[in-house]
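Visitor: Here it is, the structure in full.
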Amino acid sequence: MADVKTDKADTAPTDLLSKFLGDLAQLPKIMVDGMLKQADSEDEKEVIRALGGTLNSQFSELTVYIRERAGKLSVQQKQESEQVLRLSSAGSLIANGSSLAANLTSQVAKIGLVGIVMEIKKIIRMLLEAFGIKIPKWLEVLFLLIDEIVKLFFSTGSPSLASILSRMEQDYLAELTQVSRLQRENDLRSELDNEENT
């Protein structure tokens, strides 16, 4: 019995991660259902199904990739990944996204959900860093591809919304660039401090 408790304690971070990844994989399906409910025409529904199928596949494969990497984590990396999920309120963010996705009649709900998807991508970046993985270039390209498909998906039938979502994406990329610069400066400052102390 003692062994079971120890195993359970050791796998707690992965349980939290599994919940996050399971909910993340379900999000596109809820988004598709929400968009189909508000679609005005069969043509719109066809576009929603096509883009939704692609999003579903991308999210699914991304969660598989993260699960595979999570299987090789050290105890410390598991603890760090759990901390990332707890401190970022990842579970709450996904739950709120699913709640919004259930009813996408209003433009405000769509914009809010796009914002949540952007925040989820930040959490994925933090998770991979906690795993000790340098973000691969192909993942950056995948994130851009997801952005484009999400933008097309939510703006189906609304060119004005497409323009708003495009500006949101530009702001998001500018923000990532600034965060990356700040991290480089902090790393450099830390290295200089270490050199001075040795």
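Visitor: Quick one: dipole size for the chain, taken about the Cα centre, charges +1 on Lys/Arg Cβ and -1 on Asp/Glu Cβ, in debye to the nearest 20.
Guide: Here the chain has a charge dipole of around 340 debye.
Visitor: On full extension of the chain, what length is gained from residue 92 through residue 44, given 0.36 nm per residue of separation minus the C-alpha to C-alpha distance?
Guide: Stretched out fully, the residue 92 to residue 44 stretch lengthens by 14.2 nm.
Visitor: Which entries in 78/110; 78/151; 19/72 show an alpha-carbon gap greater than 29 Å?
Guide: 78/110; 78/151
Visitor: Just name one of 17, 174, 143: the one whose Cα is farthest towards the positive end of the charge dipole of the chain (beta-carbon charges, Lys/Arg +1, Asp/Glu -1).
Guide: 17
Visitor: Next question. So I have [x] 34, 23, 13; [y] 49, 18, 15; [z] 28, 22, 19, and one of them is semi-axes √(5λ) of the Cα gyration tensor in Å calculated from this model. Which one is it?
Guide: So the structure-derived entry is [x].
Visitor: Test of the criteria: in the stretch 84-155, which trypsin sites (Lys or Arg not before Pro) are in a DSSP loop and have at most 10 other Cβ atoms within 10 angstrom of their Cβ?
Guide: Loop-located and lightly packed - 134.
Visitor: Can you bin the stretch 45-109 into rounded, prolate or oblate? Criterion: square roots of the alpha carbon gyration tensor eigenvalues sorted a ≥ b ≥ c, rounded for a/c under 1.5, prolate for a/b above b/c, oblate for the rest.
Guide: It comes out oblate by the Cα gyration axes.
Every read-out reported here was derived from the displayed coordinates using simple, explicitly stated rules and does not represent laboratory data. Since the model is a prediction, treat every value here as computed from it, not as a measurement. Neighbour counts run over all protein chains shown; Cβ positions are idealised from the backbone, glycine included.
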